[in-house]
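One structure below.
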Amino acid sequence: MDGLLTAVKVVKRDTDSPLVASESQGHRDGPTRPVLDLDQDISSQQAIDLLKSHPSREEISAVLAALDPFNASRKIQDLDIRVPGPTTAQILQLLVSTIVPAHWASLNAKDKRANDTKIRAALLRCLSSVAGIGSLVAQLRSLIATARATAQQAEGSSSSIIIGDLLSVIAALLEPKDFLHRLYAETSSLYDNRTRQQVAWREFVSLVAAGKILSTAAEALAVSKETESPSSIAWVGDGPRYASWLGSNIAYMVSKLKADEEEDWSSVAFLTGRALSLGYSDQVVREIYSGLLLSQSFPGQFGLLLDSLRQPEQVSVVEAIFRNIQKLYFPDDLAGTFISPVGSNGVIAGVAALCSAIIGDRPFLKSQVLEWLSKSQGGSIQTIGLRRALLATYNDRNELESLLVRSLEQFGDKFCIRHLPDITQSATAQLILLASGRLNSLDSNKLNDIGRTGAFLNAVSNRIAASSTRARFLGMIIGTGMSELIEEPGKAMKFDLEEMQSEEALWYLSLTKVCDKIGSPESIKSLQKTLSTTQKPAQEARSHQSRTPNVRSSRPQTSKIVAIEEIDDSGEETDEDVDLIPYEKPDDDAEDDDEDPTLVQRNKPTAPVYIRDLITYLRDSENVERQHLAITTAPSLIRRKIGFGTELAEQIEELALTIVGLQNDNNHPQFHESRLQSMIALIVSQPVKMGRWFTAIFFDGDISQVQRSAVLTALGLGAREVAGNGEADAKALGLPSLKDTAFPSKRLSPALEAMFLGAKESPIATLTREMSHTSLQPLAADAADSLTGPNALKVRTFSSRMEVEKKRQQREAERQKSTVKDVYKVLAEGFFYPLQGRFEIMMLQFSSSSAPSYNPFFVPHILTLFVQTLSLILSTAGPHTPYLPGLTQATLSLLLSLHTSPVSSEPTVTAALLNLFLALVDLNIASGSNGEERLVTEHATQVIELREWASGVFDRMPVGKTSPGAPTDPQDQVRTLAAGVMVRLGEVIERYQGRLMGVNSGFKY
């Protein structure tokens, strides 16, 4: 019977109480919390278990004290947290994923306790290694991926907070200036094997100098939605600031290395080379050379670092130093102003000593600099001041002779005369004059021999025979300047022309009298003092103006005389008083709606009446009403001050810098319009000076893309107003008047108004589109003649014709009254040539630079706006400008350099380039037969190449299907412009061929 039964389940009833059973079951299910004696040494597994079990602050302190590599009292046996390994990786992962998110905010607080400070320092020391930084970066990437995967992430969520804490830890680790040197020393001491040291160092360089930390931090800042991150954290993700930190750390590391440690120098050279490829080489090199050379503390270490780099990296360093020198010490040369070359010999001597310390006895760099000087291209050598300093470093007569001969050969080459940019040819002329004067002071016989060679004679003769006015001018300058040095008095070349007596010609001829010398090592230190003394007044002025509102508001209110009246004391009332009509009761102020009279603000700011007060108001970002009032009244105040005293002229650059740098932080309703009108008013006040100044700030200023767009728009509209078209453009574009009386409550907010009205194109784009439409309209009329009859039959009444002609004459008379004197010269030398010349300098700089970097001027919308601005200035100059040959050559040179670039494939950029080419062709056609012949003879090669390019664009661009009333398709606009270019050029070629054959010679324009 027992065999027939099978036991299914055996139940054993324990004798423990239910409470004890439940407690024991809970211990079995939950994580076991280790019970440790914090005063005794712990093992690595115990540390891991403790970090996993949500430790208290005392337990964290004990674990970090055991993990701290610099704590000799307590250690974990056979474990160094700085050495990568499985256990180390697990501990570091726990630190960055649990300890930092839970405790870093309190450890990093300003009111932390003394014990918290010790815990924070120990945590940073545990993470201060290659493995620790790698763990932080890996955790950041994991959180970024998680945040991006979450579609609906609320701002201020836990992910954003944790990302902010990790960025704060990374910033705290990297902040010390000796971080790189200390980590390199620790890495060298940890490994006895040189190979393992190199592997660890390369891994660290890939984190710090190859962009891993920078790119990850920048992405983390964007993902975490921390719009107002503190400056102590945000710099880790900001490229220029991060590069400056990296350069200062490299400089400190170099200053601590010994000269006989070749392995250390190869390691720091590897770090520097990777830092140069980060994309911010200027900031890196600036900190390195300023920390080692300008203070003259470690010139030997800088030379050893330069010698340890590869040759392409040496070239990158030299180019970056040259760019920084020119921005700091020769800003006037970059702006294109003519200053006496004898005025700044102290700065030239100091820069020459600095260049001598950099180039020194390095044959490769000396030959490279000679190559740059002889070709006037490459090396970022853009100013006459730097050319003078570099020439002062060459005392070898044979080198100077070779440089002068090579420069003369290029200067006289016919191909270079026709195709090189004007800015390059001007630089070559400056170098020839400077080298001639220096060689004459060293060995006049060699200069006499060069003056008798074919290089000099061919250069002068080919230049004088050139078609370009600028080329002939430079040829006469070189001929006159060199012949004055090699010929006897009275026998030198002389050209009795008005342009040879101009300010520019006299400035060029004075270059042969320049005698620069290399300064002493102390002169390099004086450069830093000179820079600090020039920057200090501006800083004091800004700080004083920022304090001005508080000072004025603290003054007691005084009585104010409103008016002086004559009071009749006869005491007799006249009957006329009865007829006086009393004023109506005024409306209640909006500020009086509050029932509490203590809250009513009646101290309203008054509009500024002086330029210095306007600058103070604009900088007062704390007082919203004052800044809004200044922004609104700035255009009218600037125009009132034009020609009234010297107040505007003395402070115009400071005011312009303030206006360009304004930010719409307080949501001014017409901020962009008022700022644009203020910049236009500044340009109109002094067109040549401010045109060059705004061009310099566009290329050299540290401004945003929105501010660059505003500067270009102001230059284009300012050029139009200088030519007398300001009112017509304002009506055509619908720009608000200086005193807009629209009631605010009757309009929508700017955001809603933009939403309902749609995106508006820029004023420059509107004007260029209208000009191209005007140019293409006759072609469309001729094409429609076959359907509607010839234009001769399309007549209107005689009275309407007279009325239209009368209005046209009135508009022309008003335009001529508002036109500036010498408008053609102003438009060419103040607007077109500076923009075109600086753009070609920029292209040469980025094309010749060996280090890849981001080009902000090749962004499609910025490049489109730039080309449209040039088109607008060119069309404003008109066909009768005497500068038309030079403008034609400069424009064709710019088009040839841009139409093959990758960015020209963008439809908007292509349309802008075609528009510029069409405007140039129309101007030469309107100027008469000479202009047409110039296109098909002197510039035949360039014109035919651009015509073939326009034909290719027309063939490649598909035909768009645009419905009536719909916005114009960019592709259709490109096809229309390309067709217009081909038709216009076809007409020019046919008329020129007809004149050659004697056919249709009686045409009219």
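With a requirement of 3 or more residues that are under 35 Å from the mean Cα position of the chain (by Cα), within 30 Å of residue 839 (Cα to Cα) and not small (Gly, Ala, Ser), the helices (runs of 4 or more DSSP H) lying completely within the range 408-484 that satisfy it span 414-419, 422-442. The set of residues from the range 485-504 being assigned to a helix (DSSP H, G or I) and closer than 26 Å to residue 884 by Cβ comprises 498, 499, 500, 501, 503, 504. The residues in the range 180-210 that are hydrophobic (A, V, I, L, M, F, W, C) and within 29 Å of residue 146 (Cβ to Cβ) can be counted, and the count is 6. Here is the figure for the range 452-477: residues that are within 18 Å of residue 891 (Cα to Cα) and of a type outside the set (D, E, K, R) total 5. Figure legend. Inter-residue proximity from the range 871-887: first residues farther than 20 Å from residue 419 by Cβ, second residues open to solvent by less than 10 Å² (accessible area, probe 1.4 Å) and assigned to a loop (DSSP other than H, G, I, E, B), beta-carbon distance below 6 Å, spacing 6+ or different chains. Indicated pairs: 876/723.
Residues that are touching an Asp or Glu at 6+ places or on another chain (Cβ under 9 Å), assigned to a helix (DSSP H, G or I) and more than 23 Å from residue 903 (Cα to Cα) within the range 863-887 comprise 875, 885, 886, listed in sequence order.
Listed by position, the helices (runs of 4 or more DSSP H) inside the range 167-258 whose residues that are of a type in the set (Ser, Thr, Tyr) and in contact (Cβ under 8 Å) with a residue 40 or more places away in the chain number at least 2 are 179-190, 239-256. Going by the conditions given, is residue 137 at negative phi, β-branched (Val, Ile, Thr) and modelled with pLDDT of 90 or more? So residue 137 fits the description; yes.
Remark: residue 313 matches the filter, which requires a residue to be more than 21 Å from residue 427 (Cβ to Cβ), at pLDDT 90 or above and assigned to a helix (DSSP H, G or I).
Checking each residue in the range 621-635 for being touching a residue at least 60 places away in the same chain (Cβ under 8 Å) and closer than 11 Å to residue 665 by Cα picks out only 622.
If the requirement is being open to solvent by 10 Å² or more (accessible area, probe 1.4 Å) and modelled with pLDDT of 85 or more, which of these qualifies: 699, 756, 743? The unique qualifying residue is 699.
For the range 678-696, the set of residues classified as under 17 Å from the mean Cα position of the chain (by Cα), open to solvent by less than 10 Å² (accessible area, probe 1.4 Å) and among the hydrophobic types (A, V, I, L, M, F, W, C) consists of 694 only.
Per-residue answers, yes or no, for (1) under 21 Å from residue 494 (Cα atoms); (2) β-branched (Val, Ile, Thr); (3) surrounded by 19 or more Cβ atoms within 10 Å (Cβ to Cβ); (4) modelled with pLDDT of 90 or more:
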position	(1), (2), (3), (4)
382	no, no, yes, no
404	no, no, yes, yes
407	no, no, yes, yes
416	no, no, no, no
427	no, no, yes, yes
434	yes, no, yes, yes
469	yes, yes, no, no
478	yes, yes, yes, yes
481	yes, no, yes, yes
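In this structure, does residue 670 turn out to be at pLDDT below 90, surrounded by fewer than 19 Cβ atoms within 10 Å (Cβ to Cβ) and under 22 Å from residue 703 (Cα atoms)? Spelling it out, residue 670 is indeed at pLDDT below 90, surrounded by fewer than 19 Cβ atoms within 10 Å (Cβ to Cβ) and under 22 Å from residue 703 (Cα atoms).
Do you know which residues across the range 379-407 are part of a loop (DSSP other than H, G, I, E, B) and farther than 19 Å from residue 445 by Cβ? Residues satisfying the conditions are 379, 380, 381, 382, 383, 393. Of all residues in the range 272-294, those that are more than 20 Å from residue 216 (Cβ to Cβ) have Cβ atoms under 8 Å from Cβ atoms of residues that are of a type in the set (Lys, Arg) and open to solvent by 30 Å² or more (accessible area, probe 1.4 Å), 6 or more apart or on another chain, in 273/310; 294/525.
The values are calculated or read from the model by the stated rules, or taken from the named source; none is laboratory data. This one's a predicted model, so the numbers in the text were calculated from it and none came from an experiment. Positions of Cβ are generated from backbone atoms using ideal geometry, with glycine treated the same way; all protein chains shown enter the neighbour counts. Ligands, DNA and RNA are excluded from the accessible area calculation, which covers all protein heavy atoms including side chains. Shrake-Rupley method; radii C 1.70, N 1.55, O 1.52, S 1.80 Å.
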